[in-house]
Structures are given as C-alpha cells and as structure tokens.
Amino acid sequence: MRKGQIYETVVSTYDADCKPNAAPMGIVPLSKQSLLIRPFKTSSTYRNLLETRCGVINVTSVPEVFYRTTFKHEDRGRKALLGWFEPAKTIAAPRIKLAEGHIEFTVRNLQEKNEDRAQFICKARLIEAKRTFPQAYCRGAFASIECIIHATRIKEYLSNERDVEAEKLISLIDYYRELTDRVSPYSKNAQIIMLITSHVEKWKKKDASIHQNSG
Ligand SMILES: Cc1cc2nc3c(=O)[nH]c(=O)nc-3n(C[C@H](O)[C@H](O)[C@H](O)COP(=O)(O)O)c2cc1C
C-alpha cells in the first residue's frame, strides 16, 4: 500500500458485548506502521473503535464481502455474516476468515475536529497476507463494488432531500448494471447489482411516501 492513497477495505471490530461487526471503510496509510480510518460518527465502527480501541483491516477484492458487510442492517435475520469471523491473533477483535490479507491494529490517537467524521490514527500490530492465485481483471467486479459505494451515498442523499445528487448516482448504477450484464452475465457481480437496484427502489418508495405524508 502506498502512503497517502485511499484504499477501500473492510474494518472488523467487537462491540461492548463482544459481538463482531464489519463494515467497509476507506483507509489511508500514513507511514509503514500507521494509518488513518475515518468512520462517520453514526456508524457502529466508530462506536466500537471508541470503546475497544482496536480492530482489523480486512484486505479483499471480493465484491460479496463489501456487499454483505454494507447491507447487513437490511438483513432482518442478521445471518449475512454468520460464521464469517475468527479471532485476531494479537488483539481482541474479530477478523474475516476469507479476506486475502489482515492488518491488526490498535488506536493510537483520535481526532474529532469534523462534526460528522472522526479520524482514528492507528498503529499496525500484525500484517498478514495469504498466498493467492492470480486474479484476472473483470470489469464486473469493479462495477459491483462501485455500485455498493454509490448505494451507501444514495440512501443518505434520499433521506436528506438531496434528490439531484441521488439521481446522478442512480444513473451511474444503471450504467454499471448494463456493463456487468454484458461482461459478467449471470454472475455474483450481476446479482449484487440487481439486489442494490431493488434496495434503491425500496428507499425511493419510502422517501416518496415520507414526502407525501409530510406534504
Ligand atoms: C467501499 C466503501 C467504503 C466506505 N468507506 C467508509 C468510510 O471511510 N467511513 C464511513 O464512515 N463509512 C464508509 N462506508 C460506508 C459504511 O461502510 C456503511 O455506512 C456501513 O453500513 C457502516 O456500518 P457500521 O454501522 O457497522 O459501521 C464505505 C462503504 C463502502 C462500500
């Protein structure tokens, strides 16, 4: 990883009751051993890092890991991540078994200058990577991860009456769906984008009914 770039990873933490949680988070390496995580203060990851002061950065390029950890709140039975975790080796945190790499970290410093987001400066305690087979680049995998990122913003924009910004991202998802149906038909990538489209439809309907009732 290069200093100063944003990498999309999945951060896993325990809550105060030792219940494991995982959420996609961008991380920025600051030096060989230190890195920055910027969770929204509304997220469970923020609360857990504040409470336990440690976690694991799960390095993966598997779209399903991003999808399931993002949409776990929509899964009523909370079964989406069942059986996914194992204990970290050096700290009291869970880690995702199938990730290609793990960075176990402790929180060194917390800055809360921004109203919405906290900045956790973390120190890597253990860095591990699995031996993996070469992965040929498939545009469908990239497209499905981009759709997941857009979906998290669409939900927020719709609930904050920022409809123009939401529509812009919805049209990007439409574009990626067409692309994926072409380069990666009947795949998990295509299935993820289909599921995201149905979440977005549901959010739009909910948003419209809120507007109707308040108007
Ligand atoms: C690739 C990707 C990167 C993300 N990066 C961040 C981030 O840096 N900070 C953040 O607060 N949310 C980020 N999100 C959104 C959170 O993962 C999402 O809100 C999640 O539901 C939070 O889960 P939690 O409440 O269990 O922490 C990202 C989402 C994706 C798909």
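Just a few scattered comments:
- Surface exposure of the chain, expressed per residue as accessible area with a 1.4 Å probe, stands at 59 Å².
- Protection proxy ranking of 79-87, 174-182, by the mean of other Cβ atoms within 10 Å over each peptide's residues and highest first, is 174-182, 79-87.
- Sorted peptide list for 63-73, 155-165, 27-37, criterion being average Cβ within 10 angstrom, highest first: 63-73, 27-37, 155-165
- Rounded if a/c under 1.5, otherwise prolate or oblate - the range 1-75, Cα gyration tensor axes: oblate
- Straight-line cross-link reach from Lys168 at under 14 Å between alpha-carbon atoms covers these aspartates and glutamates, not counting any fewer than eight positions away in the same chain: Glu146, Glu156.
- In this simple spin-label approximation, Met194 and Arg131 carry label points 7 Å from Cα along the Cα→Cβ vector, and these lie 3.8 nm apart.
- In this rough spin-label picture, where each label sits 7 Å from Cα along the Cβ direction, the Asn213-Lys72 distance is 2.9 nm.
- The chain: most fluctuating residue of Cys18, Cys147, Cys54 per GNM, C-alpha cutoff 10 Å: Cys18
- Ligands, DNA and RNA left out, the 1.4 Å accessible surface of the range 94-215 is 52% carbon and sulfur atoms.
- At least 18 Å along the helix axis (C-alpha) and Kyte average at least -1.0, DSSP helices within the chain: 139-159, 163-183, 188-214
- Proximal lysines to Lys113, defined as alpha-carbon separation beneath 17 angstrom and excluding residues fewer than eight positions away on the same chain: Lys41
- Note on Glu112 and Lys204: the extension gain reaches 29.9 nm, defined as 0.36 nm multiplied by sequence separation minus the Cα-Cα distance.
- Counting only lysines at least 8 places from Lys97 when in the same chain, those with an alpha carbon closer than 22 Å to its own are Lys19, Lys72, Lys79, Lys89, Lys123, Lys130, Lys188.
- Gyration tensor (alpha-carbon) shape descriptor, the range 1-133, a/c threshold 1.5: rounded
The values are calculated or read from the model by the stated rules, or taken from the named source; none is laboratory data. Note that the structure is a prediction, hence the values are computed from the model and not measured. For neighbour counting, all protein chains shown are included, and Cβ atoms are generated from backbone atoms with ideal geometry for every residue, glycine included. Surface accessibility is based on the protein's heavy atoms, side chains included, excluding ligands, DNA and RNA. Shrake-Rupley method; radii C 1.70, N 1.55, O 1.52, S 1.80 Å.
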